[in-house]
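Every read-out reported here was derived from the displayed coordinates using simple, explicitly stated rules and does not represent laboratory data. This is a predicted model, so every value here is computed, not measured. All Cβ positions, even for glycine, are placed from backbone atoms using ideal geometry, and neighbour counts span all protein chains on display.
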Amino acid sequence: MKNMILKGVLASTALSMILSAPIASAADEGDGILALEEIVVTSRKREENLQSVPDSVTAFDAVAIENAGIDDVQDFIDLTPNISMRETFRAGVTFITIRGITTGQQGWAPVTYTVDGVQASSLDAINQGALTDIERIEVLKGPQGALYGAGAIAGAINVVTKKPTNELEGSVKASFGNGNDIKLSGAISGPLVEDKVLFRIGAYYRNTDGLIDSTDGVDLDFEEHITVKGRLIFTLDDLTIDLRASYTDSEGGAADQELVSSVDLLNEFDTPAAPGPARGIIGFENRAFAELSAKIDWETDAGTLTAVSGYSDIDQDLFGSASWAKPPTATLFGFTVGGPSDPFPDVFQDLQDNFKSFTQDVRFTSNADQPFRWMVGASYMDREVVNLLSVGAMLVGDERIEANMLRFLNRPDVRNGQAWGFYGQANYDITDKLELTAALRYDTYDFDTTNFTDMTLSTPIPVPTADGSGLVDTQTSTNSKWQPKVQLAYQWTDDVMTYITYAEGFRYGFFNTGNVTKPENTKNFEFGFKSMLADGRVRLNGAIFHIDFSDQQFTTVVPDAPFRLTSNVPESNINGGELEIVALLAEGLELSGGLGVIDAKIVGQGRSPSTPDYTLNLSVSYNTQITDEWDVFARVDYRHQGSFILIDADASRYEITPKDYVNARLKFRNDNWSIGAYVDNLFDERQANSFGFLGTGFVRANSLPRSYGIETSVNF
């Protein structure tokens, strides 16, 4: 692993040195004024230049988001080293892995995900299906619990939407792709009272047949999705009130996994042995997501008092096959269904989840123009989750009518949780070049679960107490932890900074259908640097790190109820590094790239699951004027994802082979209009996003095949 890190660092450093020569020549031929735009981030809860923040941060501003065609979470994750995402059987179950730390099903994400300062209070709230009208995305790697809370054990994702404007303006965008994929989005913004009350309204609509078909040619990943959102900002002298509301309603295909007969077919797609998913029941999922938030900023002579309140309500209802075959044959709780004389034509799974959450964060931030800068704050979260897991057999057909269904299993449960956090951070300029950062946070989480006999939620099921002394209706647990962070950053020159960090990370435990999982803890050591080269035309940042990981949460899918088994791995070790570069080679010609390497191992067992051993990103874009009014823009993105393993309930290990993905875009544009074409996954690379043995065979969730289309937009 050390050799891998060294080779990666040397290769990327050599690349930057090679790039410096032509860049310098290009500058000599012109005015020498080519330079990368400064990116301002709020990763430390205040506005700062990206290059002055002593953390590993990948940032995408509005221009980069537009140029790369980023319109969902998967898009920007695929452009970031040492982070990956896998969608499985439904939209809410999104497995994010960052620096070797991944997701436990029914648990918390390894990152804290915020939109305009409002924290997502569940894993299901992260992948909402569309990112539109976005000003900036910041991906912070390494534990960020001191400022972002217990969920930020591996990092944080900070999404900033576009603010209302003081002049009336708007935009509309439309695209059409294969699979009859229609996307429409738009926004309008302006003043209700000039300088005092500003508004922004946006909407997004998508209707697609999808790209994954059954062996009978039936669409399985179809989707109809609509999002509307609005924002109001009131400015009254030193007081700013920012109100947001959004609502999403979607119906899409779900449970479209493929059943394969052998582990040898893990990396084989669209062949006679692995022809794709066969289906009797066509799965679907309805999702409704409502969110309200209010942010208040009060500027005083000493600093800014900020209060952010958020409320969200997520309703999800999935119905799909539990045999993953046609004609279905499966054994379920002693019943064999799908046989020649069997009256049951198929078996089903019925999953319902409702999340109601309230979050509150209050903090006071000192002014930035002083050698001692500080922040203190407190946060609160209250969450209720109602979950139903039901499995049974269809009596007639595949329509979801209760009279057509015989339920063998009903496992409803209600989970409640309340979390408190208190935090502070101080930054002190010891000298003009040396900055000390010290932060500390305390989080505590009280949570419980109650299992019921049916969806009336009237009769609880008693369960044994932790010590086995009796029975209780409700299981309870409490997790709490101090999370310190200490950091030194040294500014060698105006363009070169290095930093060293020690930080501890923490992620809450959770109940998984009555099974309690312990919280996770990490101890992190990181050394990094940030630099601007070639007179501001090259940005080169990097870091190496070591993580001691305790009680890693690990989820497997099993063939028996409750079909999910979550446990803790006592000890893991993670070593790795990252290197990122953005280079302006000439006017209009930009190259960017990132290398991430990871050696993540469970002590005594081998590689940790769901962690690619390395990722390599490379993007080249070119923009040039072709007429007095029109430009042409072209971009190619390449991502190499190294191998990773998936672990089954019986400790079987399945290796996903390395993959190469290429996206390309071509666009003609002027000040108001654009028209172009795109292709994602140009060479139709496929991979298994999940894989495990479920009684009748190996069930695999597949990634999406190639997609392509045309798009146009207008600004007014």
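Structure data summary
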{"item": "Binned Cα-Cα distances of the chain, short to long, each 20 Å bin given as a whole percent", "result": "16, 52, 29, 3, 0"}
{"item": "For peptides 613-624, 184-195, 101-112, sequence by mean Cβ density within 10 Å, most packed first", "result": "101-112, 613-624, 184-195"}
{"item": "Per-peptide average of other Cβ atoms within 10 Å, ordering 604-611, 532-539 highest first", "result": "532-539, 604-611"}
{"item": "Taking the chain and dividing mean pair separation by its residue count, relative contact order in percent (alpha carbons under 8 Å, at least six apart)", "result": "12 percent"}
{"item": "Contour minus Cα-Cα distance for residue 651 and residue 286 (0.36 nm per residue)", "result": "128.0 nm"}
{"item": "0 to 90° range, to nearest 10: angle between helix 2-29 axis and the chain longest Cα axis", "result": "40 degrees"}
{"item": "Modelled FRET efficiency - R0 45 Å, residue 241 with residue 670, Cβ distances, 0.05 increments", "result": "0.75"}
{"item": "Computed label-point distance, nm, for sites residue 516 and residue 432 using a 7 Å Cα→Cβ extension", "result": "5.7 nm"}
{"item": "Pairwise FRET efficiency - residue 488 versus residue 546, Cβ, R0 = 22 Å, nearest 0.05", "result": "0.85"}
{"item": "Charge dipole of the range 380-490 about the Cα centre (unit charges at C-beta), most positive-ward option of 424, 387, 437", "result": "437"}
{"item": "Under-5 Å amide H pairs with residue 645, H placed in peptide plane, nonlocal only", "result": "610, 611, 656"}
{"item": "Sequence-distant lysines (8 or more away, or on other chains) whose Cα lies within less than 24 Å of residue 295", "result": "45, 162, 163, 196, 229, 356"}
{"item": "5 angstrom amide H check on residue 72, placed H, neighbours 5+ away", "result": "131"}
{"item": "Per-residue ³J(HN,Hα) for the range 485-493, Karplus 6.51 cos²θ - 1.76 cosθ + 1.60, θ = phi - 60°, Hz, x for Gly and Pro", "result": "8, 10, 8, 10, 10, 10, 8, 5, 9"}
{"item": "Karplus-derived HN-Hα couplings along the range 178-193 (A = 6.51, B = -1.76, C = 1.60, θ = phi - 60°), whole Hz, x at Gly and Pro", "result": "4, x, 6, 8, 9, 10, 9, 8, x, 8, 9, 8, x, x, 8, 9"}
{"item": "Total charge dipole magnitude, the chain, about the Cα centre, Cβ charges on Lys, Arg, Asp, Glu only, Debye to nearest 20", "result": "1560 debye"}
{"item": "Surrounding net charge for residue 418, when Lys and Arg each add one and Asp and Glu each subtract one, Cβ distance under 11 Å", "result": "-3"}
